[in-house]
Every structure is written in structure tokens, then in C-alpha cells.
1. Of Thr195, Thr102, which has the most accessible area with a 1.4 Å probe, and how do the rest follow in descending order?
2. Subtracting the Cα-Cα distance from 0.36 nm times the residue separation, let me have the gained length for Ala237 to Leu215 in nm, one decimal.
3. Given the pairs Lys376/Lys398; Lys233/Lys477; Lys335/Lys484; Lys398/Lys484; Lys362/Lys398; Lys233/Lys335, which are separated by over 31 angstrom at their Cα positions?
4. Length gain on complete extension for the stretch Ala363 to Leu453, per 0.36 nm per residue less the alpha carbon to alpha carbon distance?
5. For segment 1-81, run through the trypsin sites (Lys or Arg not before Pro) and keep only the ones in DSSP coil with at most 16 other Cβ atoms within 10 Å of their Cβ.
6. Percent of accessible area on the chain owned by carbon and sulfur, 1.4 Å probe?
7. Rounded, prolate or oblate: which fits segment 110-175 when a ≥ b ≥ c are the square roots of the eigenvalues of the alpha-carbon gyration tensor, with rounded for a/c under 1.5 and prolate only if a/b beats b/c?
8. For the chain, what is the mean residue ellipticity at 222 nm derived from helices alone (per DSSP H run of n ≥ 4: -39500 (n - 2.57); sum divided by total residues; nearest 500 deg cm²/dmol)?
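The values are calculated or read from the model by the stated rules, or taken from the named source; none is laboratory data. Since we're looking at a predicted model, the values are computed, not measured. Neighbour counts are summed over all protein chains in view; Cβ atoms, including those assigned to glycine, are modelled from backbone coordinates with ideal geometry. In case anyone asks, the SASA skips ligands and DNA or RNA and just uses the protein heavy atoms, side chains included. Shrake-Rupley method; radii C 1.70, N 1.55, O 1.52, S 1.80 Å.
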Amino acid sequence: MTRNALVMALFAAVVIASVICLSLLYASPYVRTWDEVDFTLALHRYDLLAMQPHFPGYPYFILGGWFINQWMNNPAIALSVFNTLAALSSAIPMFLLAHRLTGSGIRSLLLPALVLSSPYIWLMSSRPMSECAGMAMLWWFLWSIRFALDRPHAVLRHGLALLMFSFLMGIRLSFFPYGLALVPLWYSLWQQGATRWRRWLRVGGSALAAGLFQLIWVAGLVLSEGNVAGFWKLSLAFVEGHFSEWGGGVISTPMPMGERIILLFGQNLLGSALFGGSILIGMSLAILAVITLIVRGFAASTGHLNKENRNYLLWLVGCAVLYSVWALIGQNIEKPRHIVPVVSPILCLLFVYIIRTADAVKASDPKSRLLRLAPKLLYTLFISLIVVQVFYGSQLLKRQALDEPAIYQLHDYLSSLHEPLILFTWEETRVLQYLQADYEHERIYTYGYFQSLAGANSERRVFLTDHVVQGFAAQGKSVESHLKQIAEFTSDTLFDPAYGHVTLFEWVR
């Protein structure tokens, strides 16, 4: 072990420890979204029918939060702590996978330092949402696949990969496109069979085992609903609603495909998920990637990956592309967190090619003095990027924990009005229910129903949010002549992408 490698490893360890400690210190006390309310309430009473949580239940995530809540008695913080501990655990498979792909030894700690300090991922580790735990398990699954491919005939290694995929699906079912990584594992089994019958037997047995592992958490959900018929009816209703009404996919959200692509990959992936809203981080990533490509172009030897690692990375890219397609057509386009799983493969590939390029230049002993300095330059830029992420991300984390969400501000304002009123909302009502608002509030879908409720009591004031007004406009109802703007409430859209700005109107009869 060289002195430089030891220094980089100690730096990475300090970064990881700092990220985890700050995540625990600044765990968000706010429950900002509909989904976060669902998860938080589930720790008191697990009931899919009451959307505690919503389908598909996220049983492993809820179980982890419930276990921690036994000591804390604060469901929102307990889920955030579970996310932070899951993120910490993911440093292990990241390190092992980085070493397997680069042979960089203890320097492989730089990959978990890079990923865990990535601002948006860091923010999610301190919130009561399932994405962070899902991404942590995704790293365990991706490592287990590479681990199994080294000895595909080993039953325990193969079974571990299938078990990790079961845990992944039980935490975050929407990550299913990464199941594509099982294909090379099954292909390796196919190649081992001496006869076609044995090949089908091996692959079929593995697929059956994968299904049985999934059945563990699915069976638990069925039992929670009482019977298979009830669970099946609930699942169909959720899937239909997700894809046709409120899920934010291409069917439920009218948006030109070109605009949707720009929003998903430009604003959500690059602007939020990868850069964390920081131009400096974006520039640092771009400069690092460009210089790495230039060095690879001028180096005499670029240290090509062996066949196994190259094939693995190709499949990893395939998984990321497949997930991106799913996020584009089937996920809520307003929420950057849905594209965050693509960040992990991007950072993994960046790490691999930086390390491989730097090591190849050292091994080639170039005559050019400038090229000899290239490895130091790459490591300096790489470490500088992590430092920038730590300083910027820590400030974001503190703001997320201390700045009051716009919906909470709306609640405080209406609570101060000691008079009869009714508030019509879109999704905001779920958070207001969680806050146990003592004024009347109603989630509204159609203009006709709104008119009947608004006119039911002439003595109470009628309020509605801008999201309701936008919903009426989508139904072809222009109501501006009846609106009087009362107040505006804002919070950082990086924390509250859908409800970071809420305008309150009063209905003028």
C-alpha cells in the first residue's frame, strides 16, 4: 500500500463518516409529501387499504423503520435513520464492486465517498422516503451479481444474488428494470449445461428460486390484507390509478414527449439528481469527465478492462437505460427522485474510468512530463469534486431540516384564521391530515363537485390552492374572475419539487 493510497483512503473514510453523522444530526423532521405521510403512518398501523403505506407496501423498508422506531417513538425520524444506516451499509458493496472493477485496493473507498456525498442522494438519506434504502439495496444487488458471475456454479453466490433482488423489490418495486442484471447470470448457467435439458433445468430452477424469494414479501402483504382476492383487487386498483389518473406517467400527464424528455434528463437527472442544483458541481463533473477522456486519448495504453468486467459494465448501462425508459413513460415526471437510481451507474462508470486511466498512465511510464502529471491531476480533481459535494451538500442538508415546507406554512396561516372556512386542495390534503388540521379541508377532483361543496354553507370562507385552479383549467373551466389571491408560500423546489410554491386563493361568490 502506497502512502498516497493510504491518504486517499483516510480522506474517503472521513467523508463517509461525516456524511453519516450529518445525516443523523439533520434528519428532516418534516413530512413533506403524500408518500412520506403514507410511510410515516404505516409505522403506527400497517394497512394498505388505508394507504399506510400505499401499494405495493414496501414491507422491508417499513420493517426497518418500525424496528428503529421502537427506540425513538418518532416515525418520520426513524425512517430517516433507517435510510442513513442503509446508506452506510451500501459503502461495503460499493467498495467491493469498485475493487473488483478496478483492482484499486483501498482507494476503492473513494467510490462510496463520491456516491454518498452526492447532494441529492445525501438529502434523500435524511428523509422518510424509500428511495434511499432502495438505492442502498441496489448497490448490494449489483455487487452480488458481479460476485456470482465470478463463480456462477456456486449455489450460495447465485442464491445471494436472487435474495438481494428480493430485498430490492420488497423495498422499492419500481426498481424492477435492474432485474435485467439477472440475465447474464442466467446466461452463465445456460452455458454450463452439457445438454439442452440440463440447461433449461438450471435456468428454470434459478427463475423458480427467484420467484420464491419474491413470494416471501408478497405473501406477507397478502396476509396483511386477509386473502388473495382482496390483495389482487387492491393491486389492480392501484396499478390502474397509477397509469391512468395520478401516477404522472405519459398517460396521466398530458405533456409533449420532447418536453418530457428534456424535463426528465435535463432538469431532473442533471440539474437535480446529479448536480444537486449546483452549477459548480456540474462544471466539476464535466471538467473531470473531459480531462479523463483527453488523457485516455493521449496515453499509450489505457488499460482495457478484462472481458468479464467489460461485459458487466455493459449490462449495467443496459439496466440504467431500461430504467430511464421506465422513468420516462411510467413515473411521475414532476419528481426528480424517480430518476435518482440512474445516478449510481453514472458515478460508478466515472470512477472506473478515472481509476483505470490514471493507473494505465502510470504503468505506461510516458515520456511526456505533462502526461506523467495526469494521474495526480485526475486524483486532485476527483477529490476536489468530493470536497465540493461535502460542503455544498451539508448546507443543503441543514436547510432541508430547518426550512419550513410551503405546505406547513399554508397550514400555519389557515390555523391562525379563527373563523369558519374550508380549503380545497390537490395532494396537499394528505399532509394536512397528518398535521391534524382543525379546519375543514377537502381534496377536490372536479369543478362540478367543488361548486356544490363551496355553495353548501354561505357563512364560511372558501379557499383553494393554485394546484386546484390548474386542475380546473385542465378541465376547461376558467375561474379567474372568482379568485382573490390571499397569500403565497414558498420553499426550495429541490426539497419540494411539486409543492415548493403554493398560492392560496379565496373564492369570491
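1. Numbers: Thr195 65, Thr102 10 Å².
The most accessible residue leads, giving Thr195, Thr102.
2. Extending this stretch completely gives an extra 5.9 nm.
3. In this structure, Lys376/Lys398; Lys233/Lys477; Lys398/Lys484; Lys362/Lys398 lie more than 31 Å apart at Cα.
4. Working: separation 90, 0.36 × 90 = 32.40 nm, distance 7.56 nm.
Full-extension gain reported as 24.8 nm.
5. Those satisfying the criteria are Arg45.
6. C and S fraction of accessible area: 65 percent.
7. The shape class here is oblate.
8. Mean residue ellipticity at 222 nm (helix-derived): -20500 deg cm²/dmol.
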